[in-house]
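Quick notes on the structure that follows.
The values are calculated or read from the model by the stated rules, or taken from the named source; none is laboratory data. Just so it is clear, the model here is predicted, and its values are computed rather than measured. Quick reminder, even Gly has a Cβ in these numbers, built from the backbone with ideal geometry, and neighbours come from all protein chains shown. Heads up: the accessible areas ignore ligands, DNA and RNA and are worked out on the full protein's heavy atoms, side chains in. Shrake-Rupley method; radii C 1.70, N 1.55, O 1.52, S 1.80 Å.
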Amino acid sequence: MNIVFVSYNYDPGYNSPEKWITRIKGYSGVLTCLSQNNNVTRIKQINYEGDELYNGVNFKFVNYHDYTLRFPLKLHRLIKSLYPDVVVVHGLHNPWQVIQLRFHLDKKTKIIAQNHAEKPARGLKKHLQKIADKYIDAYLFASKAMGLDWINKGNLSSPEKIHEVMEVSSVFYPIDKAIAKAKTNVDGNNVFLWVGRLDENKDPLTVVKSFLKFTAINPQARLYMIYQTEGLLPEIKALLVNETNTSAITLIGKVPNDDLLYWYNSADFIISGSHYEGSGTAVCEAMSCGCVPIVTDIFSFRMMTNDGQIGLLYPAGNETALLTALTETQQIDLQHEREKALSYFESNLSFKAIAQKIQDIAASL
């Protein structure tokens, strides 16, 4: 098949192919796996023009500028010139453009739209999403329940079009824990890791409060927190001010992305307090290294944990429930849970697994 991937956003901050390809390394592996049996092209609008062949994928970089995005005639002409069998559109937030795309393509060409954490729109955009739905042949959501929520809200029409496909995967892998800990200086027998933004959606305050109570039961437990933003950092520090077990929680802050390989492999558990996730990149990356997930009971995490069969789920924002889950970690067979996480990652969340699902869906249309 001839498969073209496209998005309608313009990113002028990227002025070279290398920068953009590095930026999407959590997704480009899917394209590489698909290219083994298909002709795969990724079109991207950045501050650069030219073609780049990378790991079997044809990257076409164009610079049409953001003022052309409402009526992307040049972009649609380019897509048409590639004679695609399938066009995969990143995001469900550009229904007006998808409607136009349909009328530029051959009637036999199928359109697949992939959700990237967008929530169902309201008002005029909801009306446009309902119109665009007539021209879209399939949808990819990290969790089928997320797609069904769009149908329940009236933005999409058919549950048959909804397919469960993870949004991103991980470039990380298991390494010897002793090597990893030598790099990170992590200590403790029960090591928990947090990776994310310190904002209300990620809800680090619930995690910190519950973990501090947990250390009264298990003084050897350690939580390391890596974060890109510091919005709730003052509130977290206030919680730690009078803490007697000063080594219970370590605030790491930012680390280079490549160093996450060592942090994930230093930890036993990955913990999340998120109220909403389009997928859950950090949890996916951690599971690829064998971390056991202790995460909130939301659509995407249900899928990533095989409906709670791997690790433990708890209701978002519920300190008591999280404390119960943390306490339960003392009773589980850690090695068995680690093997389950690695196996499920490989069969459902890896680049190869995602690519195979997209291949099968495209072939079925």
Quick one: among Pro159, Pro12, Pro315, which has the greatest mean-square fluctuation in a GNM of the chain with alpha-carbon springs under 10 angstrom?
Pro12
Taking the Cα atoms of segment 1-155, report the difference between the largest and smallest coordinate on each principal axis, in whole Å and largest first.
41, 33, 31
Principal-axis tilt of helix 351-364 within the chain, Cα atoms, nearest 10 degrees
40
Can you tell me the Rg and the Dmax, both Å, for the Cα atoms in segment 155-227?
18.1, 53
For Ile252 and Leu69, calculate 0.36 nm times their separation in residues minus their Cα-Cα distance, and state this gained length in nm to one decimal.
61.9 nm
Using amide H atoms built 1.01 Å from N in the peptide plane, name the residues 5+ places from Ala267, or on other chains, whose amide H lies under 5 Å from its own.
none
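Below 8 Å, C-alpha to C-alpha, sequence gap of six or more: please give me the relative contact order for the chain in percent.
Working: 682 pairs, mean separation 54.8, N = 365.
Relative contact order here is 15 percent.
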Taking θ = phi - 60°, what integer Hz values does the Karplus form 6.51 cos²θ - 1.76 cosθ + 1.60 yield along segment 279-286, in sequence order, with x for Gly and Pro?
8, x, 4, 4, 5, 4, 4, 5
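Hey, any idea what Rg/Rh is for segment 106-252, computing Rh the Kirkwood way over Cα pairs? Before the final figure, lay out the partial values.
Numbers: Rg = 21.9 Å, Rh = 19.1 Å.
We get a ratio of 1.15 for segment 106-252.
Full-extension gain between Ala182 and Tyr135, please, as 0.36 nm times their residue separation minus the C-alpha to C-alpha distance. Intermediate values should be presented prior to the final figure.
Details: separation 47, 0.36 × 47 = 16.92 nm, distance 5.38 nm.
Taking Ala182 through Tyr135 to full extension adds about 11.5 nm, to one decimal.
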Along the Cα-to-Cβ line of Lys209, 7 Å from the Cα, sits a label point; which residues in segment 237-251 have backbone N less than 12 Å from it?
239
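In debye to the nearest 20, how big a dipole does the chain give about its Cα centre with +1 on each Lys and Arg Cβ and -1 on each Asp and Glu Cβ?
That gives the chain a dipole magnitude of about 1300 debye.
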Which distance in Å, rounded to a whole number, links the C-alpha centroids of segment 170-235 and segment 124-165?
35
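Using only C-alpha positions, report the orientation-averaged shadow area of the convex hull of segment 206-263, nm², one decimal.
On the way: hull surface 17.3 nm².
The Cα convex hull of segment 206-263, projected and averaged over all directions, gives 4.3 nm².
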Just to be sure I understand: with springs between alpha-carbon atoms less than 10 Å apart, which residue in His116, His336, His127 has the highest mean-square fluctuation in the Gaussian network model of the chain?
His336
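Give, rounded to the nearest 20 debye, the magnitude of the charge dipole that segment 14-112 has about its Cα centre when Lys and Arg contribute +1 at Cβ and Asp and Glu contribute -1 at Cβ. Before the final figure, lay out the partial values.
Numbers: 14 positive and 7 negative charges, 62 e Å.
About 300 debye.
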Sorted by mean Cβ packing within 10 Å, highest first, what order do the peptides 38-47, 290-299 take?
290-299, 38-47
What lysines sit close enough to Lys181 to cross-link, taking a C-alpha to C-alpha distance under 24 Å and skipping anything fewer than 8 places away on the same chain?
Lys254, Lys340
Ratio of Rg to Rh over segment 38-80 (Cα coordinates, Kirkwood Rh, two decimals)
1.00
Multiply the residue separation of Ser81 and Thr327 by 0.36 nm, subtract the distance between their alpha-carbon atoms, and state the gained length in nm to one decimal.
82.7 nm
What percent of all Cα-Cα pairs in segment 306-365 falls in each 10 Å bin, counting up from 0?
19, 33, 27, 15, 5
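Divide, for segment 227-365, the radius of gyration over alpha carbons by 2.2 N^0.38 Å, where N is the residue count.
On the way: Rg = 16.7 Å, N = 139, 2.2 N^0.38 = 14.3 Å.
Ratio of Rg to 2.2 N^0.38 Å for segment 227-365: 1.16.
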Kindly report, to the nearest 10 Å², the accessible surface of Glu18 as traced by a 1.4 Å probe over protein heavy atoms only.
110
Which of the listed residues, Leu205, Asn155, Ala142, is farthest toward the dipole's positive end in segment 104-211, when Lys, Arg count +1 and Asp, Glu count -1 at the beta-carbon?
Asn155
For the chain, what log10 I(q)/I(0) values come out of the Debye formula at q = 0.07 1/Å, with one point per alpha carbon and no solvent?
-0.33
Enumerate the calculated ³J(HN,Hα) couplings along segment 289-297 in order (Karplus 6.51 cos²θ - 1.76 cosθ + 1.60, θ = phi - 60°), each rounded to whole Hz, writing x wherever the residue is Gly or Pro.
9, x, 5, 8, x, 10, 9, 6, 7
Accessible solvent surface per residue of segment 1-92, calculated while the other protein chains remain in place, 1.4 angstrom probe, Å²:
46
Listed by chain and number, the lysines with an alpha carbon less than 19 angstrom from that of Lys44, same-chain partners under 8 positions apart left out, are Lys19, Lys25, Lys60, Lys74, Lys80
In segment 285-365, carbon and sulfur make up what percent of the accessible area (probe 1.4 Å)?
46
Give the span of segment 61-133's Cα atoms along each principal axis, as three whole-Å numbers ordered largest to smallest.
34, 29, 20
